[in-house]
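This report refers to the structure that appears directly beneath it.
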Amino acid sequence: GNSVTQMEGPVTLSEEAFLTINCTYTATGYPSLFWYVQYPGEGLQLLLKATKADDKGSNKGFEATYRKETTSFHLEKGSVQVSDSAVYFCALRIPTGGFKTIFGAGTRLFVKA
Amino acid sequence: NAGVTQTPKFQVLKTGQSMTLQCAQDMNHNSMYWYRQDPGMGLRLIYYSASEGTTDKGEVPNGYNVSRLNKREFSLRLESAAPSQTSVYFCASSEREAIYYNEQFFGPGTRLTVL
């Protein structure tokens, strides 16, 4: 079946550290891939997306590259800030089976000053 | 634009009570969704409405009903609440279900506790 697997958290980093959150997926067909971010007490909001293989999504210093050969969409940021503390969700949508969005379990990030 | 709004923000129910969660969007989106978020499980789709006048079951529909009242509003009803329905509920919308590369826009959530 279709699924998304993210690295377990929490991830704790110091300010200005490099961030990687791993995401791998299983899907039939050619999915679109997304990273959503959830700040404390809020709903999810789109961080970035990629719709085909080798696409790179980027926003607010975050990047992720759609790797079809490794079925991965890892999230990276070169220098994290305290304000990046949040829960990050990897997700996919497939163009079959009702176009449902499948979410990973989420990875909580804490950034210390 | 308010985006996606949800009411109430918090609710405590006793087992067996009923309630309706309200959701509205002002982005003229065709598709709307209800999710529940439980620790370690990500978001799970309860019901969705691809367009006004249609609703379909998602991954975990048991114990819930929905109504797409009009293009703006999509409500979720718990007829007889159970402790297993303690969760955070999110409403979301997207421009059109068939455009699978479009993102979803989420409301702020309703935190429900069933005692």
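The numbers here are math on the coordinates, done by the rules we state, and not lab data. Predicted, not measured: the structure shown is a model, and the values here were computed from it. Because the Cβ atoms are built from the backbone with ideal geometry, glycine has one as well, and the counts that use them run over all protein chains shown.
Couple of notes before you dig in:
- Projected onto planes of every orientation and averaged, the convex hull of the alpha-carbon atoms in the stretch A:1-79 covers 5.8 nm².
- Per residue of peptide A:74-85, the mean number of Cβ atoms on other chains within 10 Å of the residue Cβ is 0.
- Ordering A:Phe34, B:Phe106, A:Phe110 from the fewest to the most neighbouring beta carbons within 10 Å gives A:Phe110, B:Phe106, A:Phe34.
- Given charges at beta-carbon only (K, R positive; D, E negative), |dipole| of chain A in Debye: 320
- Counting other Cβ atoms within 10 Å as a rough exposure proxy, the listed residues B:Thr20, A:Thr71 run B:Thr20, A:Thr71 from fewest neighbours to most.
- With neighbour counts taken as other beta-carbon atoms within 10 Å, the residues A:Glu63, A:Glu42 rank, fewest first, as A:Glu42, A:Glu63.
- Under the criterion of Cα pairs below 8 Å and six or more residues apart, the relative contact order for chain B equals 36 percent.
- Projecting the Cα atoms of B:Gln104, B:Trp34, B:Val114 onto the charge dipole of chain B, computed from C-beta unit charges around the Cα centre, puts B:Val114 farthest toward the positive end.
- Lysine-lysine proximity count for chain A, Cα under 15 Å, sequence distance 8 or more or distinct chains: 7
- Principal semi-axes in Å for the stretch B:14-115 [√(5λ), Cα gyration tensor, largest first]: 23, 14, 11
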